[in-house]
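What follows is a set of notes on a single structure, which appears directly below.
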Amino acid sequence: MTAPRGTAAAPGGPDASGVPEVSASDASASAVEPPRERGGFIARAAAVTAALTAAGALAGLVRDQTLAHLFGAGAATDAFLVSWTLPEVAATLLIEDAMALVLVPAFSLALSRRAATAVSATPATERPAGPAAYEDPSAAPDPVRALLAATLPRLLLVLGCLAALLAAGAPLLVDLLAPGLPERVTAVDCTRLTALTVLTFGTAGYFSAALRAHRRFVPPAAIYTAYNVGIVATVCVLHTAWGVRAAAAGVALGGALMVLVQLPAFLRALPVRNASARAGATPFSSSARAEGEKNVPAHPADALSAAGAVVVPVVLFALTRQAQVLVERFLASSLPAGAISHLNYAQKVAQIPMVLSLMLCTVTFPVVARALADGEPERARSRVRRDLTLAALVVLLGAAYVVAYAPQIVELLFQRGAFTAADTAATASVMRVYALGLLGHSLVGALVRPYFSAGRPTWYPAGAMAAGLLVTVVAGVLTAGPWGVYGIAAANAAGITLTAGLLLRALDATPDHAPARASRDGHGPVRRARYTRSPLPVPVGLGTVLPTLARLLLAAAVAATAGWAVAPLCGAALPSAAAGALVVPAVFGVTAFAAGVPEVPQLLSTATRRFRHDR
């Protein structure tokens with residue numbers, strides 16, 4: 001997936017789809033073509049991402065099993081989990097949501113401008129007699145390089161200072177997060193170690209966004225495997241001497257491994273110097289450059305300006321989303337010891353289907369951003385519509401399995417050592433409640449990408465998330481007393497479901513038409529669709545999505561009921577869970593097919609063709 005040094009990002013290096021970019025020495029207009037989301041490329045990238053994400057999830061389960069085995073679900077584990085709030089917030093802001101939502105569109109704009117500049121290049125052999133008609137492109141910086149130089153050094157400085165500030169203020173932070181925590185000193189020590197992740201996660205998130213924009217998906221998908229391996233190794237080596245503090249040290253080491261696993265690919269992908277200068281001073285005519293740069297930023301710094309304008313609403317959305325976890329920890333800190341641990345284990349396992357459902361959206365987000373940067377909203381709209389349906393299909397299938405087999409899953413994963421049968425029963429019950437909000441979590445994660453894919457500021461996602469958080473807070477305060485951890489989990493599900501509903505509502509847009517304008521290649525006018533009544537840059541229409549979601553919900557309910565009925569018939573946890581892995585998908589697929597979900601026949605046809613081809 002990687003290219004030789006200096007070619008991945010510079011003209012002349014092939015992208016992950018196999019479509020080569022054109023070097024400055026071969027920059028005829030006919031040779032340059034903006035990248036397209038070929039089905040084969042997306043399938044391969046999604047498969048590789050799926051495999052590495054599954055490996056990361058497996059390593060995460062091993063991490064959680066190790067923590068449960070060595071420390072159980074008591075006060076010390078609660079103290080560590082409070083300190084783990086920092087990495088969780090940092091991962092949301094600096095890796096998954098804010099950093100990616102800002103930088104992927106910014107790098108896509110810069111790459112689009114580079115491609116447009118290459119279109120306007122003219123071979124030196126065709127240079128006319130007078131030098132006045134040409135400009136030397138080597139005088140202008142490469143737009144990707146300019147964006148890198150303008151953002152990365154400042155980001156590292158800010159993150160380093162913030163990590164030091166959080167480490168120094170660890171006692172105050174612990175008191176704010178969990179005022180009733182018994183093991184306060186342990187939580188403070190762990191927080192000082194986990195504060196380092198603000199710097200390492202931020203660096204890793206920057207690398208991931210840049211690589212994904214360049215269609216390099218392998219190193220970003222491998223970061224969580226490296227992260228969890230670092231935690232497990234550190235805990236195994238130091239738990240006898242350091243206790244639960246060894247887990248916090250492992251988090252700090254894992255963050256550094258996230259950076260190191262991406263560093264070689266990042267150095268290969270990003271240009272070392274001006275791409276045009278490498279190939280020589282290829283001339284550009286002023287008129288050709290003006291035509292080639294239509295619909296893209298007029299200056300290399302414009303991509304940075306576009307990113308800066310969208311930072312605040314993105315950060316507010318990400319913080320508001322992560323605040324759900326903070327509310328849970330705050331409310332659970334006043335419950336009996338182990339409540340935070342039960343919530344944590346249940347949430348980590350229950351959200352695996354959500355993580356898997358968003359893999360395709362992670363791969364296609366740069367595709368959508370590049371399509372919008374190139375002025376092709378219809379291509380982006382088609383991609384977003386399909387992504388929503390596939391994400392819902394995957395997460396609802398996983399939710400059905402979690403609801404039907406939660407006790408067996410928890411027993412197989414955690415019930416050993418200090419993790420008792422009582423812990424299994426409590427965690428499984430909470431996990432079933434969490435599963436009710438999995439579709440909401442998946443839809444929010446899938447929808448927020450197209451909201452910010454155009455690199456323009458929009459406050460609607462942050463407002464929708466704030467409304468959901470308000471429901472979580474109110475419902476959690478009202479139900480935590482009488483229902484304990486179950487009330488907290490239910491409040492989480494209710495809040496995120498409301499947010500998903502608000503984001504879905506914005507899909508309902510009516511098409512309008514903008515005035516005709518000249519096409520990019522100058523061969524006639526192009527009339528482009530313009531949508532009103534939606535903050536989405538690529539609205540897909542609620543009427544095309546809602547019926548499919550209703551059919552998938554029906555299939556999930558039938559599959560969960562069938563699995564729940566079969567589970568007691570198989571005895572022990574392992575055979576029961578194995579039987580459920582066959583029963584639930586089979587019932588889900590048959591019901592979805594009978595209900596008329598169009599993606600199911602398409603997936604079956606694709607799998608059949610692949611099977612015949614492999615034979």
Residues residue 175 and residue 47, FRET efficiency given R0 of 51 Å [Cβ-Cβ distance, rounded to 0.05]: 0.65
Counted charge near residue 188, where neighbours are those whose Cβ lies closer than 11 Å (Asp, Glu -1; Lys, Arg +1): 0
Nearest-0.05 FRET efficiency for residue 569 and residue 386, computed from C-beta distance (R0 35 Å): 0.40
Gain in span if fully extended, residue 378 to residue 581, counting 0.36 nm per residue against the direct Cα distance: 69.3 nm
FRET efficiency estimate (nearest 0.05) - Cβ-Cβ, residue 425 to residue 546, R0 45 angstrom: 0.75
Additional length obtainable on full extension of the chain from residue 477 to residue 185, 0.36 nm per residue less Cα span: 102.4 nm
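Between residue 593 and residue 240, 0.36 nm times their residue separation minus their Cα-Cα distance comes to what?
121.7 nm
We did not get these values from a lab; they are worked out from the coordinates using the rules stated. All figures in this text were calculated on a predicted structure; none of them were measured in a lab. FYI the Cβ positions are ideal-geometry reconstructions off the backbone, even for glycines, and counts take in every protein chain you see.
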